[in-house]
């Protein structure tokens, strides 16, 4: 079957600060796995959602992307393969009210230019599952701007009336894909203009 793919979007921002005296601990996401018929499923692109989010030094931003196609195969309740393509040109911003037309459009424009994801040259991003034998440690290759990197994440599944929903929260380092704009690892003295290297994609992939 085809491979599971999720898109890799947006030059978002996520800056996390912590006190030197307090070590920051991360709680690993645990997959919830449902009993699901083993077969290939086609993605319902109208019901599936991909939300991006992150923070800069002084603020956060968020928005959405649209899936353009996809499918996935389940065997023994594990997602063993699949494909999902994301339309990078569909990028929207939800953290700036739509009524603030100029500010909203300005951020959308910047995120879609060469400073970030250059959606004219790279209109799609993909994530291909390579090993789904452990839903708590699904391995996949994510491709953004023609650069491919491996990523590992927990992938939950649910079933209701024959409809399958796969959900996960992906942490992605944008600099691995050549998106270095205002990264503290590439530029100094950014102050309030600092943008964290990592952004988050919250995905919900729904079958037909």
So which residues in region 158-206 are farther than 21 Å from residue 142 by Cβ and at pLDDT 90 or above, if there are any at all?
158, 159, 160, 161, 162, 163, 164
Scan region 133-165 for residues that are in contact with a helix residue (DSSP H, G or I) (Cβ under 7 Å, 6 or more places away or on another chain) and touching a residue at least 40 places away in the same chain (Cβ under 8 Å) and jot them down.
144
Determine whether region 102-109 contains at least one residue that is in contact (Cβ under 8 Å) with a residue 60 or more places away in the chain, buried (at least 18 other Cβ atoms within 10 Å of the Cβ), at negative phi and in contact with a strand residue (DSSP E or B) (Cβ under 7 Å, 6 or more places away or on another chain).
no
Return a yes/no flag: does region 166-181 have any residue that is in contact with a helix residue (DSSP H, G or I) (Cβ under 7 Å, 6 or more places away or on another chain), in contact (Cβ under 8 Å) with a residue 60 or more places away in the chain, assigned to a loop (DSSP other than H, G, I, E, B) and more than 21 Å from residue 48 (Cα to Cα).
no
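The values are calculated or read from the model by the stated rules, or taken from the named source; none is laboratory data. Computed from a prediction, not measured in an experiment: that's the story for all the values here. Methodologically, a virtual Cβ is constructed for each residue, glycine included, from the backbone with ideal geometry; neighbour enumeration extends over all protein chains shown.
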